[in-house]
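The values are calculated or read from the model by the stated rules, or taken from the named source; none is laboratory data. Computed from a predicted structure; not experimentally measured. FYI the Cβ positions are ideal-geometry reconstructions off the backbone, even for glycines, and counts take in every protein chain you see. SASA here: full protein model, heavy atoms, side chains in, ligands and nucleic acids out. Shrake-Rupley method; radii C 1.70, N 1.55, O 1.52, S 1.80 Å.
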Amino acid sequence: MNLHREPIPVAEAVKRVLSLEAENYIEKVKIENSYDRILAEDIVATHSIPPFNKSPYDGFAINSESTNDASKTSPVHLHVIEEIGAGHRASRAIAPGEAVRIMTGAEIPEGADCVAMFEICQTYEAEDKSYMTIKRPMEKRQNIIEQGSETKKGTLLVEKGTEINPGVKALLATFGYSNVQVYRKPVVGVFATGTELLDVDQALEPGKIRNSNAYMVTAQIERSGAEPLYLGKLADEFDRCYEAVSEALNKVDMLITTGGVSVGDYDLMPDVYEKLGAEVLFNKIAMRPGSVTTVAQVNGQLMFGLSGNPSACYVGFELYVYPYIQKSLNKTEPYHSIIEGILGTDIMKPNPFTRFIRGSVAYEKGKVTVHPAGIDKSAVVTSLAHTNAFIILKGGTRGYQKGDEVQVLLLSPNEGSQFFQIDA
Ligand SMILES: Nc1nc2c(c(=O)[nH]1)N[C@H]1C(S)=C(S)[C@@H](COP(=O)(O)OP(=O)(O)OC[C@H]3O[C@@H](n4cnc5c(N)ncnc54)[C@H](O)[C@@H]3O)O[C@H]1N2
Ligand code: MOO
Ligand SMILES: [Mg+2]
């Protein structure tokens, strides 16, 4: 085995993965099932909003001209000819001297050009008729939400490639999209390799550990918007691994394996890639953890050889698999957000490679502070439970001090808070 591997920078590795084509399949889903899917069609206003002039208040629809002479000492009296709630229309146009009692959301009757809120009007009955009075002049178009004032028919509102959030769903409903075209979720196969691996329901045995990577990675796949297909664990036996991987390639859009990518006697993935005739895009990255993360492609299908060490596996997924899944979903913004944050702890360990410390973000007095989520070692699993970000520490430095400004890669931006912080 060739033990020498030339590390490439993280950005170069990401570029190599993302420069490969990803197939984008389209499917139709019901609006009910569309939340968090990626739009495969533009959402265009099929009509204007609002579709008719409507009242923003409960009040009286009147013609402003009839209030021209209204004053405190000489209120104007108008005959209330009918009452309309939202969903109803006036039976006829209002004539001079008339008003319609109107509720929020109802269509403004013809002949009316403004709405006077109940609060500024008085009402009375006389000779079996209803009247309202108003003591101030109203302006033309006052308190009217005009047809098309929010958006006009034909306006492009949401572009394809956008994730369907609750607001997008509201638009789908508004414009009658009972079905919507979305990108099909790519199916991502997962094998966990390692003779030492036990199933979750097995008791610990000497020298063995439970397979945590498969469960972690399938959750990462789901979080990324793709469909995980867990294919089981594989002992470190070459023929079995080769067969399993080559068969799996027919069933999935992309394949993840965990473990067996380093230079050990039982690290078989490099040989599997070779026998498959796959092109290895890289097998060493100038990063910690996950330096041995390997990506290979055969006939345009990607195989991600993530490290067996849980923290390295986690980081390798988020840096290389996550954006490729977003590309397969044709998402307009395929990368995790990276922001500036303040380091909350000294991290003095020097490292030639760029480090992705599993961290947690705290929003302290409006500033983003990041703390390591636990022990910063590749083989560690416990810190991952508290990880919602990576603290990016560029390699080649002597270390970083509390208070230093650092880059922070956000994994799940909305973690909640213990405090109600709005200053109001
Ligand atoms: N001589 C060298 N040794 C190692 C190097 C090196 O450059 N030269 N690289 C080290 C680095 S860095 C890492 S990271 C690991 C990568 O190891 P592999 O990707 O080959 O993974 P394995 O050897 O299969 O396992 C490593 C470790 O992870 C545990 N593991 C594996 N699968 C799972 C799983 N599904 N769930 C939980 N834990 C798992 C496994 O038991 C090992 O402890 O190599 C270093 N060595
Ligand atoms: O690939 Mo290893 O986790 O860099 O430490
Ligand atoms: Mg190994």
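Residues SER74, SER328 ordered from highest to lowest accessible area at a 1.4 Å probe: SER74, SER328. In the chain, the calculated helix contribution to ellipticity at 222 nm averages -4000 deg cm²/dmol per residue, counting -39,500 (n - 2.57) for every DSSP H run with n ≥ 4.
Gap in Å between the Cα centre of region 258-307 and the Cα centre of region 324-393? Value for the Cα centre distance between the two parts: 24 Å. With the charge dipole of the chain set up from +1 on Lys and Arg Cβ and -1 on Asp and Glu Cβ about the Cα centre, the Cα lying farthest toward the positive end among the listed residues VAL80, ILE375, VAL17 is that of ILE375. For the chain, what does the alpha-carbon gyration tensor say about shape, rounded, prolate or oblate, given a ≥ b ≥ c as the root eigenvalues, a/c under 1.5 as rounded, and a/b over b/c as prolate? Note, shape of the chain comes out prolate. Comparing Cα centroids, region 155-206 and region 1-80 end up 21 angstrom apart. Using the Cβ-Cβ distance between THR345 and LEU3 with R0 set to 25 Å, the FRET efficiency from 1/(1 + (r/R0)^6) comes to roughly 0.10. Take LYS402: with every protein chain present and a 1.4 Å probe, its accessible area is about 140 Å². Expressed to the nearest 5 percent, the antiparallel share of DSSP beta bridges inside the chain is 70 percent.
Classify region 174-278 as rounded, prolate or oblate, taking a ≥ b ≥ c as the square roots of the eigenvalues of its Cα gyration tensor: rounded when a/c is under 1.5, otherwise prolate if a/b is larger than b/c and oblate if not. Cα axes put region 174-278 in the oblate bin.
Segment GLN142..LYS28, full-extension length gain: 36.7 nm, with 0.36 nm per residue of separation and the alpha-carbon distance subtracted.
In region 338-410, Cα pairs under 8 Å separated by at least six residues give a relative contact order of 47 percent. Of the listed residues THR294, THR46, the order by accessible area with a 1.4 Å probe, largest first, is THR46, THR294. Coordinate range of the alpha-carbon atoms in region 323-424 per principal axis, descending: 41, 41, 25 Å.
Taking the protein heavy atoms of the chain in the context of the full set of protein chains, the accessible area attributed to carbon and sulfur is 49 percent at 1.4 Å.
For region 99-161, relative contact order (Cα pairs under 8 Å, six or more residues apart, normalised by length) works out to 30 percent. Placing dummy labels 7 Å off each Cα toward the beta-carbon, the span from ARG223 to ARG89 is 5.3 nm. Measuring r between the beta carbons of GLU333 and LYS129 and using R0 = 56 Å, the FRET efficiency lands at 0.35.
Other residues with beta-carbon under 12 Å from the beta-carbon of GLU12 carry, at +1 per Lys or Arg and -1 per Asp or Glu, a net charge of +2.
Across region 362-377, computed HN-Hα scalar couplings (Karplus, 6.51 cos²θ - 1.76 cosθ + 1.60, θ = phi - 60°) run 10, 9, 9, 6, x, 9, 8, 10, 10, 10, x, 7, x, 5, 9, 10 Hz from first to last residue, x flagging Gly and Pro. Subtracting the Cα-Cα distance of GLU110 and HIS386 from their residue separation scaled by 0.36 nm leaves 93.3 nm. For region 334-424, the list of GluC sites (Glu not before Pro) that fall in a loop by DSSP and count at most 15 other C-beta atoms within 10 angstrom reads GLU415. Once you order the gyration tensor axes a ≥ b ≥ c over the Cα atoms, which shape class does region 124-199 get: rounded for a/c under 1.5, otherwise prolate or oblate by comparing a/b with b/c? Cα axes put region 124-199 in the prolate bin. The listed residues THR397, THR218, THR123 rank as THR123, THR397, THR218 when sorted by accessible area, largest first, using a 1.4 Å probe. Hydrodynamic analysis of region 59-134 uses the Kirkwood radius over alpha carbon pairs. Inserted into Stokes-Einstein at 20 °C and 1.002 mPa s, it gives a translational diffusion coefficient of 174 µm²/s. Go through region 378-420 and name the chymotrypsin sites (Phe, Trp or Tyr not before Pro) that are in a DSSP coil and have 14 or fewer other Cβ atoms within 10 Å of their Cβ. Passing both the DSSP loop test and the Cβ count: PHE419, PHE420. Computed over protein heavy atoms with a 1.4 Å probe, the accessible surface of region 338-410 works out to 53 Å² per residue.
Here the simple spin-label model places points 7 Å from the Cα toward Cβ, and for ILE209 and ARG16 these points are separated by 2.6 nm.
Across region 51-195, the relative contact order, built from alpha-carbon pairs under 8 Å that are at least six residues apart, equals 29 percent.
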